[in-house]
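Q: Structure provided below as structure tokens; questions to follow.
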Amino acid sequence: MQRTLSIIKPDAVKKNVIGEILSRFEKNGLKIVAMKYLHLSKDDAARFYIVHKDRPFYGELTDFMSSGPVVVSVLEGEDAVAKNRKLMGATNPKEAEKGTIRADFADSIDANAVHGSDSLENAKIEIDFFFNKLEIK
Ligand code: CMP
């Protein structure tokens with residue numbers, strides 16, 4: 001069993017597809033074991049994406065992630081990190097496989113509907129960023 005962090009980004013929240021995206025997780029064997037709806041500040045987004053601080057897209061990414069509310073959840077299941085990444089599809093929606101969340105709901109590489117942890121190690125760091133011990137055991 002693994003846990004991974006998922007963020008439904010501001011573009012997908014605006015499109016009113018929170019339920020459709022969560023339902024894809026559930027239908028594919030991932031259980032939602034913690035969840036919150038929140039509007040990140042630019043500083044929150046900058047801290048969350050600190051690993052990308054030297055990348056040219058850091059400013060745009062953190063502007064976008066603080067442009068509206070997001071839904072953050074912890075998904076649990078067998079091989080959860082890889083399973084979630086497969087369901088999401090490629091980072092750039094133009095390259096995302098048909099039937100993936102990004103192929104169906106994303107508009108651009110920034111407004112790409114969802115974020116998912118890229119490794120088990122980062123999943124733990126990202127879960128700890130958003131959820132305290134009362135919110136997830
Ligand atoms: P995400 O999985 O949230 O992780 C970092 C985000 O940076 C990524 O999805 C994209 O939305 C955004 N991004 C913008 N440009 C790029 C790029 N050239 N390569 C990777 N990620 C990018």
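Each value in this text was obtained by applying a stated rule to the coordinates, not by laboratory testing. Computed from a predicted model, the values in this text were never measured in an experiment. Here the Cβ is made from the backbone with ideal geometry for all residues, glycine too, and neighbour counts use every protein chain on show.
Q: Using modelled amide H (1.01 Å from N, peptide plane; none on Pro or chain starts), what sits under 5 Å from the amide H of Gln2, excluding residues fewer than 5 places away?
A: Placed amide hydrogens put Gly77, Glu78, Asp79, Ala80 under 5 Å from Gln2.
Q: So, one more: To the nearest 20 debye, what is the magnitude of the charge dipole of the range 1-47 about its Cα centre, counting +1 on the Cβ of each Lys and Arg and -1 on the Cβ of each Asp and Glu? Before the final figure, lay out the partial values.
A: Numbers: 10 positive and 5 negative charges, 13 e Å.
Dipole about the Cα centre, nearest 20: 60 debye.
Q: Apply the Karplus curve 6.51 cos²θ - 1.76 cosθ + 1.60, θ = phi - 60°, to the phi angles in the range 116-121 and return the couplings in whole Hz, x for Gly and Pro.
A: These are the phi-based 3J(HN,Hα) values: x, 4, 9, 7, 5, 5 Hz.
Q: Continuing with the same structure: For the range 69-134, treating each Cα as an identical point scatterer without solvent, what Debye log10 I(q)/I(0) comes out at q = 0.16, 0.23, 0.28, 0.29 1/Å?
A: Taking Cα atoms of the range 69-134 as identical point scatterers yields -0.57, -1.02, -1.22, -1.25.
Q: Given R₀ = 30 Å, what would the calculated FRET efficiency be for Glu95 paired with Glu20, taking r from the Cβ atoms and rounding to 0.05? Let's see the in-between values first.
A: Numbers: r = 21 Å, r/R0 = 0.71.
After rounding, the FRET efficiency stands at 0.90.
Q: Something else about it: With +1 assigned to the C-beta of every Lys and Arg and -1 to the C-beta of every Asp and Glu, and no other charges, what is the dipole magnitude of the chain about the Cα centre in debye, to the nearest 20? Display every interim value, and only then the final one.
A: Details: 21 positive and 21 negative charges, 56 e Å.
For the chain, the charge dipole is close to 260 debye.
Q: Can you compute 3J(HN,Hα) from phi for each residue in the range 125-137, using the Karplus curve 6.51 cos²θ - 1.76 cosθ + 1.60 with θ = phi - 60°, rounded to whole Hz and x for Gly and Pro?
A: With coefficients 6.51, -1.76 and 1.60, one gets 4, 5, 5, 5, 5, 9, 10, 9, 5, 6, 8, 8, 8 Hz.
Q: With θ set to phi - 60°, apply the Karplus curve 6.51 cos²θ - 1.76 cosθ + 1.60 along the range 68-80 and write out the HN-Hα couplings as whole Hz, x wherever there is a Gly or Pro.
A: My calculation for the range 68-80 gives x, x, 10, 10, 9, 9, 9, 9, 10, x, 5, 6, 4 Hz in order.
Q: Moving on to the next point. Determine how many Å³ per residue the convex hull of the Cα atoms of the chain encloses.
A: On the way: hull volume 13.7 nm³, N = 137.
Output value, Cα hull per residue: 100 Å³.
Q: With the cut-off at 29 Å, tell me which of the pairs Lys42/Lys98; Lys15/Lys83; Lys9/Lys86; Lys53/Lys86 have Cα atoms farther apart than that. List each step's numbers first, then the result.
A: Values: Lys42/Lys98 32 Å; Lys15/Lys83 24 Å; Lys9/Lys86 17 Å; Lys53/Lys86 26 Å.
Beyond 29 Å between Cα atoms: Lys42/Lys98.
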